[in-house]
1. Determine whether Leu580 is surrounded by 13 or more Cβ atoms within 10 Å (Cβ to Cβ) and either over 30 Å from Arg330 (Cβ atoms) or among the small types (Gly, Ala, Ser) (or both).
2. Show me the strands (runs of 3 or more DSSP E) found entirely inside the range 537-645 where at least 2 residues are in contact (Cβ under 8 Å) with a residue 60 or more places away in the chain, farther than 30 Å from Val316 by Cα and out of contact with any helix residue (DSSP H, G or I) (no Cβ under 7 Å at 6 or more places or on another chain).
3. In the range 656-676, how many are at pLDDT below 85 and in a loop (DSSP other than H, G, I, E, B)?
4. Failed condition for Val233, given (1) under 30 Å from Asn551 (Cβ atoms); (2) part of a loop (DSSP other than H, G, I, E, B); (3) hydrophobic (A, V, I, L, M, F, W, C), with all others met?
5. Of the residues Gly507, Gly533, which single one is at pLDDT 95 or above, part of a strand (DSSP E or B) and outside the structural domain of Val643 (by TED's automatic domain parsing)?
6. Would you pick out the residues in the range 491-506 that are closer than 29 Å to Gly359 by Cβ and within 26 Å of the chain's Cα centre (by Cα)?
7. Have a look at Leu38, Leu81 and point out the one that is surrounded by fewer than 18 Cβ atoms within 10 Å (Cβ to Cβ) and in contact with a helix residue (DSSP H, G or I) (Cβ under 9 Å, 6 or more places away or on another chain).
8. Taking the options Ala181, Ala103, name whichever one is at negative phi, out of contact with any helix residue (DSSP H, G or I) (no Cβ under 9 Å at 6 or more places or on another chain), part of a helix (DSSP H, G or I) and at pLDDT 95 or above.
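The values are calculated or read from the model by the stated rules, or taken from the named source; none is laboratory data. Not measured: the values here are computed from a predicted model. Here the Cβ positions follow ideal geometry from the backbone for every residue, glycine too, while neighbour counts run over all protein chains shown.
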Amino acid sequence: MSRRAARLLAAGALALWGLGAGRDAADRWIDATVLPALIAEQSVEVLDRDGQLLRAYTVADGRWRLAVGLDAVDPTYVEMLIRYEDRRFRDHDGVDPRAMARAGWQLLRTGGIVSGASTLTMQVARLIEDGSTGTWRGKLRQIRVALALERRLDKDQILTLYLNRAPFGGNLEGVRAASLAYFGKPPRRLTPAEAALLVALPQSPSARRPDLHPRTAQAARDRVLERMQDAGVLSEGSVRAARAEPVLGQRFEMPTLAAHLADRAREQDPTATSIDLTIDSAVQGRMEDLAAGAVRGRQDGMQIAILVADHRTGEVLASVGSAGYATGARGGYLDLTQALRSPGSTLKPLIYGLGFDRGLIHPETMIADRPTDFSGYEPQNFDGIWRGELRVRSALQLSLNIPAVAVTEALGPQHLIAGLRRAGAAPMVPGGRAGLAVALGGVGMTLEDLVRLYAAIGNEGRRVDLHWTGDQTPGFAPVAVMGPVAAWEVADILLEVPRPPGVRGTGIAFKTGTSYGYRDAWSLGFDGRHVIGVWMGRADGTPVPGAFGGNLAAPVMFAAFERLKSRIDPIPPPPPATLLLATAELPLPLQRFQRAGEALDRAGPRIDFPPDGAVLEGPLLVAKVSDGAAPFTWLANGYPVAVSRDRQVELPDPGIGFSELTVIDADGRSAVVRFERR
């Protein structure tokens, strides 16, 4: 080998060594790069049962930064973005040498910047570091971070960072926030015109904001569209149609559905970044529109709250805390589903249901509606009219006060409070001790409490654990508020409550209530599947003269059912043990309700045969009674078997074994014997 050849070979080897050493040094330099945090604070999102956005919250600096994945963005937008900003994005390692060479040549030739050389990866590097690129040190740092990003992330991850961090004007960061703010829809459903606008915005987000500078925004959008036609991304017809689409020049508000409930959910879990609710966004929207319409144009400061739930599952489907989530004279910022109010007459179904359950009354029992002194408490009916003797069914349907207080007296008001608590309510009893006034609303209740109560009645008397987040676990053991027979009897009565004028509402069991002084107007209703509660009044609790539950809240409740679904789910048929009898066919004690002390002083009945404790050989054929007032009702083991005016009666054989025989006279007094039949 000649000396010259040897020198050339040595020089080549040295050059290769130098290149290798340089490459190794560059690798070490890139690998040693300390990257800024890739995960930025994201807006907390509250989602409905199907993952639709109900409400979002800005991050600490007041920006909207809504998380989005690549699969949740229109693919055409992604393709347009890459073709417009960085067409070799999928091929380079973070820096595009060809683009840099082209930009440098154009700068030398024209003396100005004709096109940029910044790749999407370099733009991400600038966004995550929020650094300056106006100096050579800033640009070198951006290149270094871009090269490091390409080594640690794949292309889709880098693209996702851009989609979440790119600026779109004002306090909008990320394509999802921009799409919701400028088009009122998620980025999955962008039109070509909308996609082109979002491609153009990050280059000059302040100057091209469509809500402030629609003409500038449209011009930038159209330039993107032309490029996409040249690149073959869009057809000529698609571009023509897209250019004809106007830039609206507006900005939509971020969704604020179920705003009060979203606040509660966030307070319950302040560290969560995404909260799933059982709310149905479509139903919620319709209920919020209904609430707003119900108070629109009123000059009396009226507010409203609506709660909709599925009483089979306990899921809350809509929760409207007020008509308008805003501060102001109406107190719209308050969640009035949680406000303690007087329930008025809405507790009467529970009173009668407990009475049915205890065997004190039956729907066909006669009860007195007349002036009554309950140890110094002398309530009156709402209209000041007395109806005399009438059926319990009618007393509840007419919402009469004296019969309800009389049954509460027989139950004991503390048992009424216990029933509310079994339903999951948290009644606030003034002074801590319940009196008879609780029957007519003398207790603090929330709309949510009352919906729990009516949900239990609709659920065959079993407590319903209302819940509005998916991670709330209903109770394991079912709690009986009342028996299924009593619950069905209450529902059957409420199905026939008189409707407001012009309202049919077939198949809906409901009750209204009006608190003392016209402060609260209520309507609660349920069918075989859903329960809806409506409260109306002033947020500050001051009276609204003439505000009745029947004429104010009930029409809204029936309208809510219409907006909830097109067909009412029927109330189930009566349980097998239901006693479907007319008043005269009932056992005598159930034919007429009597308060304690109203019974006559005559001696009660006494069973002469069979004697108590007797052992009978062969079938029981005859029973005998002395004293007491005829007619006599005979029960064998709790079931009516005969009614007779005679003091001797033939009875069916109860069968072999131990039995209990009861006789009840016309005044409701009774006697019991037990015997064994062999």
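1. no
2. Hits in the range 537-645: 606-609.
3. Total meeting the criteria: 5.
4. It is condition (1) that Val233 fails.
5. On inspection, the qualifying residue turns out to be Gly533.
6. Ala491, Leu494, Leu495
7. Leu38
8. Sole residue among the options that is at negative phi, out of contact with any helix residue (DSSP H, G or I) (no Cβ under 9 Å at 6 or more places or on another chain), part of a helix (DSSP H, G or I) and at pLDDT 95 or above: Ala181.
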